[in-house]
Amino acid sequence: MREKSVQPPDSIESSAGQIELLRARVERQVRKPAIVVITSAKQGDGKSLTAFLLAKSLAKAGRRTALVDTPHDSSNEDAFISSHDFRDLLVRVQLPKEFHSTEASTEYLSLLRAAYEFTIIDSGLLLTDTVTMALAENADGLLLAVRLGRAPSDDDDLTIQLIEQFDCPVIGLIAALPSAIDDFSVRRDELVGGIPRVPFGTLRDQRGSGNAFRLFETIDPVPFRSS
């Protein structure tokens, strides 16, 4: 009797090879320092999984990387650390409450570009979140995550239309494994919670200190294009 081959589970770890290829593509296609936005057409398509794995992979490769979660969670402000070692290769950065302000948005993106080689933004949905649309329009790269095997929907078509309308700098599309998405959803606090977190104010304060931003201090501010 022929033995059946045993297939490995579609866990987070099984996505490692695909993420390494994605990291190489991102490093090759976007200018540095780079703002890369991860979005999707529907909830549960794996954008948070993709953002986490890509940020982790970049940091592992020696790139100074920030992982940004949106929308801003004001209930967790006290959990952000007040002191931060800028030698950390991977950190989480707070999205400021005042991001809807054009002036604050310009400063925020400029500070991220000044402090980190790569900023990976786990954004909301383009169709329902104006902050995500603004981020996508002003990013250096946009990645669209889709849950592998799900049926196409009108939301996919509308999302693509928005991307084309605003001329977003698309890097590509990532097909996320369903069980990897579900695995990450269960383990998210465990996996992401251990990453050092930095409040927006700390970035602003450290820029004036003259030592934290030595690597990228020559970067010019990038004007924020309001939609």
For ASP189, the accessible surface traced by a 1.4 Å probe with all protein chains present amounts, in square angstrom to the nearest 10, to 140 Å²
If each part is reduced to its alpha-carbon centroid, segment 127-164 and segment 25-44 end up apart, in Å, by 12 Å
What are the ³J(HN,Hα) couplings of segment 130-140, residue after residue, when phi is run through the Karplus curve with 6.51, -1.76, 1.60 and θ = phi - 60°? Round to Hz, x for glycine and proline. 5, 5, 4, 4, 5, 4, 4, 5, 9, 7, 8
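The values are calculated or read from the model by the stated rules, or taken from the named source; none is laboratory data. Just so you know, these numbers come straight off a predicted model, no measurement behind them. The protein model used for the area step is the full one, side chains on, heavy atoms only, and it has no ligands, DNA or RNA in it. Shrake-Rupley method; radii C 1.70, N 1.55, O 1.52, S 1.80 Å.
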